[in-house]
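Written below as structure tokens is the structure these notes are about.
The values are calculated or read from the model by the stated rules, or taken from the named source; none is laboratory data. As the structure is a prediction and not an experimental result, all values here were calculated from the model. So basically every Cβ, Gly included, is an ideal-geometry build from the backbone, and we count neighbours across all protein chains shown.
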Amino acid sequence: MHLPKSSWVRWSVSCGLGLMLLSGWHALRGSANLREISTPLPQDPYIQVYFNQNQASVYTDPYRQIERYGDNLEQVIINQIQHAQSTLDIAVHELNLPLVAEALCDRAAASVQVRLIIENSYSQPRSGYQPSGIAELDDHNRAKYEDFLILADLNRDGSISLEERQQGDAIYQLQQCQVPMIDDTADGSKGSGLMHHKFMVIDGQKLIVGSANWTLSDVHGDAGDPETRGNANAVLAIASSALAQMYEDEFSMMWGDGPAGKEDSLFGLQKPYRPHRDIASIPGSALTVQFSPVSETKPWTGSVNGLIARMLQQATSSADMALFVFSDQGISDVLADTARRGVQIRALVDRSFVYRSYSEVLDMLGTALPDHRCHMESNNRPWQPPILSAGTANLPSGDKLHHKFAVIDSHTVIIGSQNWSDAANHTNDENLLVIRNSTVAAHFQREFERLYADADLGMTPQLVAKQQELQQQCGL
């Protein structure tokens, strides 16, 4: 049984997913006559930008049937897949969207060459998990499995039938339609960290890239929580054969000769050092690209985080950052110098990371916290003078600030899969784009202003309480 997209949506709602979420669904539908409250911004003809919590757009979540604000990032991805004529090369950390899997299977059936690289933690169908394996899952992966059950177990009988596997388990779907797939353990070549990319190259001519994993929680929201709207993320569609080729080269190093054959797949630090490369072939834009990881034996200034620092160092009026994690001391030190030059610095970091002992937001606020062992980081450098324009965004409960972007002088955008951390810089497979284009920057500036408007900034009551708790606990 292989249903077309429209039938899948109708079938999933009638078979139980809609019933499971009925009370929340009716509450949302009844109370929110959504209207576009912001005027859509013009898009650059070569670089289009989309946000899943965009206040200038409205769509209906195809799985939970919730009308909500945002760009439908899944549909953006599907539209690009459907236009592919010859090749689709995808490297994505995690993929669990059934409609994306269906679109990839359709193109494979139409003789388009589809190839997929995925992080090894997410390369097996969740519907095939055995009870012993489920019992060994950590809290993070158990929550992912439970969310999968809500999505896939449509008749709510506590088990996943063959039909439910075919319609609700994206990796199983891709296996069944024989899409070639590897993970970062291919050929025994386990990378040094995560395969953390989120990109797709289409026909060698177009690139889909950004911060979003291809998952329900990163795009629409958690299956079991109708209040969530998806972790805050961005996806870009860029028409440039030169840029596409750079990402194709990255894909090819990881792919080698594919699922079977020579042991030639390269992940993590097995790849050669790749310095940043500039592209000037997109009308109206100048782009810079670099891939991680970079060995710690190389100068930090030549790494991706070093590239981020150089871009921030060039700011003349403002630098605004929306980040999942910010823990790189080198970037913080450059920003401190930039702030002392009179540049306005504003930063938002996800709530789960913002007040951890290694968070550079603490440096910005001129303070420090010990870790769980009561140790202080040896290279901490709290800013003097501190700023009060750093903190965390207020998002729907359950959603994360998953962005990895900065906007400099309302003209330059830093975006990609790379978190601003040592792990991203030195161990993970990552990518980073610097885009100099004021039309593109306007989209990211609007997204930052939306997040900043009601953010928790400065020495919040939560931070002060945590300081007092740790001082008492550590005897400081």
query = Among the residues of segment 89-108, is there at least one that is surrounded by 17 or more Cβ atoms within 10 Å (Cβ to Cβ), on the phi > 0 side of the Ramachandran plot, in the same structural domain as residue 204 (by TED's automatic domain parsing) and modelled with pLDDT of 95 or more?
reply = no
ask   = When residue 466 is evaluated against the numbered criteria (1) among the charged types (D, E, K, R); (2) more than 30 Å from residue 222 (Cα to Cα); (3) more than 27 Å from the chain's Cα centre (by Cα), which criterion, by number, is the only one it fails?
value = (2)
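Please find, among 342, 391, 330, 416, the residue that is at pLDDT 95 or above and surrounded by fewer than 17 Cβ atoms within 10 Å (Cβ to Cβ).
342
Mind checking which residues of segment 126-176 are aromatic (Phe, Trp, Tyr) and within 22 Å of the chain's Cα centre (by Cα)?
Filtering segment 126-176 down to residues aromatic (Phe, Trp, Tyr) leaves 129, 145, 148, 172.
Listed by number, the residues that qualify are 145, 148.
To keep it simple, each residue is scored yes or no on (1) at positive phi; (2) surrounded by fewer than 24 Cβ atoms within 10 Å (Cβ to Cβ); (3) modelled with pLDDT of 90 or more.
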residue: 157; (1), (2), (3): no, yes, no
residue: 197; (1), (2), (3): no, no, yes
residue: 212; (1), (2), (3): no, no, yes
residue: 241; (1), (2), (3): no, yes, yes
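Restricted to segment 270-287, and to residues that are of a type in the set (A, V, I, L, M) and either in the same structural domain as residue 196 (by TED's automatic domain parsing) or over 24 Å from the mean Cα position of the chain (by Cα) (or both), which residue is farthest from residue 310 (Cα to Cα)? Break it down stepwise before answering.
To start, the set of residues in segment 270-287 that are of a type in the set (A, V, I, L, M) comprises 279-280, 282, 286-287.
Next, only the ones that are either in the same structural domain as residue 196 (by TED's automatic domain parsing) or over 24 Å from the mean Cα position of the chain (by Cα) (or both) stay: 280, 282.
Values: 280: 19, 282: 22 Å.
Filtering segment 270-287 for residues that are of a type in the set (A, V, I, L, M) and either in the same structural domain as residue 196 (by TED's automatic domain parsing) or over 24 Å from the mean Cα position of the chain (by Cα) (or both), the one farthest from residue 310 (Cα to Cα) comes out as 282.
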Residues within segment 375-388 that are in contact with a helix residue (DSSP H, G or I) (Cβ under 7 Å, 6 or more places away or on another chain) and either modelled with pLDDT of 95 or more or among the acidic types (Asp, Glu) (or both), tallied = 5
ask   = What are the residues in segment 258-276 that are exposed (fewer than 14 other Cβ atoms within 10 Å of the Cβ) and touching a Ser or Thr at 6+ places or on another chain (Cβ under 8 Å), if any?
value = 263, 273
request  = Tell me, yes or no, whether segment 433-441 has at least one residue that is over 21 Å from residue 41 (Cβ atoms), touching a residue at least 12 places away in the same chain (Cβ under 8 Å) and surrounded by fewer than 24 Cβ atoms within 10 Å (Cβ to Cβ).
outcome  = no
Tally, over segment 109-155, of residues that are part of a loop (DSSP other than H, G, I, E, B) and either surrounded by 22 or more Cβ atoms within 10 Å (Cβ to Cβ) or out of contact with any Gly (no Cβ under 9 Å at 6 or more places or on another chain) (or both) = 13
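What number of residues within segment 45-59 satisfy the criterion of being within 15 Å of residue 76 (Cβ to Cβ) and over 19 Å from the mean Cα position of the chain (by Cα)?
Going residue by residue through segment 45-59, those that are within 15 Å of residue 76 (Cβ to Cβ) are 47-54, 56-59.
Filter once more, keeping what is over 19 Å from the mean Cα position of the chain (by Cα): 56-59.
Total meeting the criteria: 4.
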